[in-house]
1. Which count do you get for residues in region 48-81 that are in contact (Cβ under 8 Å) with a residue 12 or more places away in the chain and either assigned to a loop (DSSP other than H, G, I, E, B) or closer than 15 Å to LEU8 by Cβ (or both)?
2. Output the qualifying pairs, or none if there are none: Cβ atoms under 9 angstrom, residues six or more apart or on different chains, first residue in region 30-44 and more than 12 Å from TRP78 (Cα to Cα) and part of a helix (DSSP H, G or I), second residue of a type in the set (A, V, I, L, M) and modelled with pLDDT of 95 or more.
3. May I ask you to list the residues in region 30-56 that are among the aliphatic types (A, V, I, L, M) and surrounded by 13 or more Cβ atoms within 10 Å (Cβ to Cβ)?
4. Sort out which residues of region 20-29 are surrounded by 12 or more Cβ atoms within 10 Å (Cβ to Cβ) and over 15 Å from GLU76 (Cα atoms), and write them in order of number.
5. Output the residues belonging to region 40-76 that are over 17 Å from ASN4 (Cα atoms) and among the hydrophobic types (A, V, I, L, M, F, W, C).
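The values are calculated or read from the model by the stated rules, or taken from the named source; none is laboratory data. From a predicted model like this one, the values you see are computed outputs, not experimental measurements. No Cβ is skipped: glycine too gets one built from the backbone with ideal geometry, and neighbour counts run over all protein chains shown.
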Amino acid sequence: MTGNYESLEKYLRGLPVSQEDITLTFTFIEQLLNESLPASAKQENGWWGNQKQGTQVESIAWMDAGWLVDIVDIREKWVRFVRQ
């Protein structure tokens, strides 16, 4: 599991297998993490990219849990995950 994002990974892993997608607000994710998301997460769609290489280690948390980011709404402050 990945550092500070372990609680997000655990949450996503704990969802029913039958659930194909979930939309989480930035506020909810911050509550899971027990800390604020970085400013770039709140300003740049690219932060939410689905890659396992490079410096964006947070994406490993949701990808290892079997999810991908589908849609990010920076203005409304939410992200939609879909099962891989």
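1. Matching residues across region 48-81 total 22.
2. Once the first residue is more than 12 Å from TRP78 (Cα to Cα) and part of a helix (DSSP H, G or I) and sits in region 30-44, its partners that are of a type in the set (A, V, I, L, M) and modelled with pLDDT of 95 or more give LEU32/LEU8; LEU32/LEU24; LEU33/LEU8.
3. Filtering region 30-56 for residues among the aliphatic types (A, V, I, L, M) gives 32-33, 37, 39, 41.
Within region 30-56, LEU32, LEU33, LEU37, ALA41 meet the criteria.
4. Matches in region 20-29: ASP21, ILE22.
5. Across region 40-76, the qualifying residues are TRP67, LEU68, VAL69, ILE71, VAL72, ILE74.
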